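Student: Take this structure, written in C-alpha cells, and hold onto it; I'll ask about it next.
The values are calculated or read from the model by the stated rules, or taken from the named source; none is laboratory data. Keep in mind that what you see is a predicted model, and the values were worked out from it rather than measured. Cβ coordinates were reconstructed from backbone atoms using ideal geometry, including for glycine residues, and neighbour counts include every protein chain displayed.
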Amino acid sequence: MKDLLKTMLVLALLFASTFIMLNITGVLTIDSIQQALQGMGTADPMMIAIVIIGLLLADLLIAVPTMTIAIFAGYYLGWMPGFVVVVLGFYSAGIAGYSISRRYGWRLIRHIYQDEQRLNEIYDAFNRLGPLILVLCRAIPILPEVSSCMSGATKMPFVSYLLFYSIGSIPYALLVTYAGSISTLDNPVPAIITALSLSLLLWLTWYIVVVKKQNDRMS
C-alpha cells in the first residue's frame with residue numbers, strides 16, 4: 001500500500017509541477033483563467049464550450065482549477081449545457097490519461113521500482129482499491145488524473161474504469177454546474193457554498209474510507 005501511495009504521489013507531483021511553474025512565471029494563473037472565462041461572457045456559447053473542454057483536457061498535463069471551470073460552465077452556458085460540456089471535458093482528460101498510461105504507464109512505474117515483488121504489490125493494491133479511488137477521485141485536486149493514469153497502467157478493464165470514473169465524476173459535475181447556473185457575479189454564494197461543502201464532504205469520505213481504513217488495517 002505504501003508503494004502505491006508513493007507512486008501516486010510521484011505522479012501527482014509531476015502534474016502539480018507544471019502548474020506551479022506556469023503560475024510562478026505568470027504564464028497561467030487561477031486569476032488569468034477566471035479573467036479569461038469572464039471575458040468570454042458575451043462570446044458564442046459554442047466557443048465557450050470549446051474553451052472549457054480544452055481547459056479540462058489540458059488538466060491532464062497542467063493542473064487547472066477544474067471546480068472553478070465547472071462553475072463558470074454552469075454560469076455561462078446554463079445548467080444542462082454546462083453539465084454536458086464539463087462531462088465531455090472530464091472524459092477527454094480521463095480517457096486520454098487512461099489510454100496513454102495503458103501503453104506507457106507501467107514502464108514509468110518500472111523506472112521507480114525494479115523489484116518485481118514491490119511491482120506486484122502495487123498492481124494488487126490498485127486492483128483492490130482502484131474502483132474506490134476512482135469513485136472518490138474528485139475529493140482531491142489532481143487525483144482524477146492520477147487515478148486515471150494508474151487505471152491504465154495497471155490494465156484495469158476500460159469498461160470498469162469508465163463505470164467507476166463516471167460514478168465519481170457525473171454527480172460532481174451535476175452539482176457544481178448547477179451551483180454555477182444559479183449564481184451571479186454579484187451573488188456567488190451558491191457556488192461558494194457548493195464548492196466548500198462538496199470539497200469537505202468528498203475529502204472526509206476519502207479520509208474515512210481510504211486513509212483511516214488503511215491505517216487501521218496496518219495497525
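Student: Does at least one position in the stretch 103-118 carry a residue that is in a helix (DSSP H, G or I), more than 30 Å from Y178 (Cα to Cα) and under 18 Å from the mean Cα position of the chain (by Cα)?
Tutor: yes
Student: Ok, one more. Hey, any hits in the stretch 20-30 for a residue that's of a type in the set (A, V, I, L, M, F, W, C) and modelled with pLDDT of 70 or more?
Tutor: No, the stretch 20-30 has no match at all.
Student: When only residues in the stretch 77-119 that are among the aromatic types (F, W, Y) and modelled with pLDDT under 90 count, which is nearest to L202 (Cα to Cα)?
Tutor: W106
Student: So, one more: Restricting to the stretch 199-219, name every residue that is modelled with pLDDT of 80 or more and either surrounded by fewer than 18 Cβ atoms within 10 Å (Cβ to Cβ) or farther than 18 Å from S147 by Cα (or both).
Tutor: Those that are modelled with pLDDT of 80 or more and either surrounded by fewer than 18 Cβ atoms within 10 Å (Cβ to Cβ) or farther than 18 Å from S147 by Cα (or both): L200, L201, L204, T205.
Student: Across the stretch 130-161, what is the number of residues that are touching a residue at least 40 places away in the same chain (Cβ under 8 Å), assigned to a helix (DSSP H, G or I) and surrounded by fewer than 19 Cβ atoms within 10 Å (Cβ to Cβ)?
Tutor: 2
Student: For the stretch 85-105, which positions are surrounded by fewer than 17 Cβ atoms within 10 Å (Cβ to Cβ) and either closer than 21 Å to I167 by Cα or not aliphatic (A, V, I, L, M) (or both)?
Tutor: Residues of the stretch 85-105 surrounded by fewer than 17 Cβ atoms within 10 Å (Cβ to Cβ): 88, 99-100, 103-104.
Result: L88, S99, R103, Y104.
Student: Which of (1) within 21 Å of L57 (Cβ to Cβ); (2) touching a helix residue (DSSP H, G or I) at 6+ places or on another chain (Cβ under 7 Å) is the odd one out, the single condition P141 does not satisfy?
Tutor: Result: P141 passes all but (2).
Student: Could you please find all residues in the stretch 162-198 being more than 18 Å from the chain's Cα centre (by Cα), at pLDDT 85 or above and surrounded by 18 or more Cβ atoms within 10 Å (Cβ to Cβ)?
Tutor: Y178, A179, G180, S181, S183
Student: State all residues of the stretch 61-79 that are farther than 17 Å from S148 by Cβ and outside any helix (DSSP H, G or I); if no residue qualifies, say none.
Tutor: P65, G78
Student: Test P188 against the criterion of being out of contact with any Pro (no Cβ under 8 Å at 6 or more places or on another chain) and farther than 22 Å from L88 by Cβ, and give yes or no. Reasoning before the result, please.
Tutor: Details: out of contact with any Pro (no Cβ under 8 Å at 6 or more places or on another chain): yes; farther than 22 Å from L88 by Cβ: yes.
It is true that P188 is out of contact with any Pro (no Cβ under 8 Å at 6 or more places or on another chain) and farther than 22 Å from L88 by Cβ.
Student: Could you list all residues from the stretch 77-98 that are β-branched (V, I, T) and farther than 13 Å from A49 by Cα?
Tutor: Start the filter on the stretch 77-98 by keeping residues that are β-branched (V, I, T), which leaves 84-87, 95.
Residue satisfying the conditions is I95 alone.
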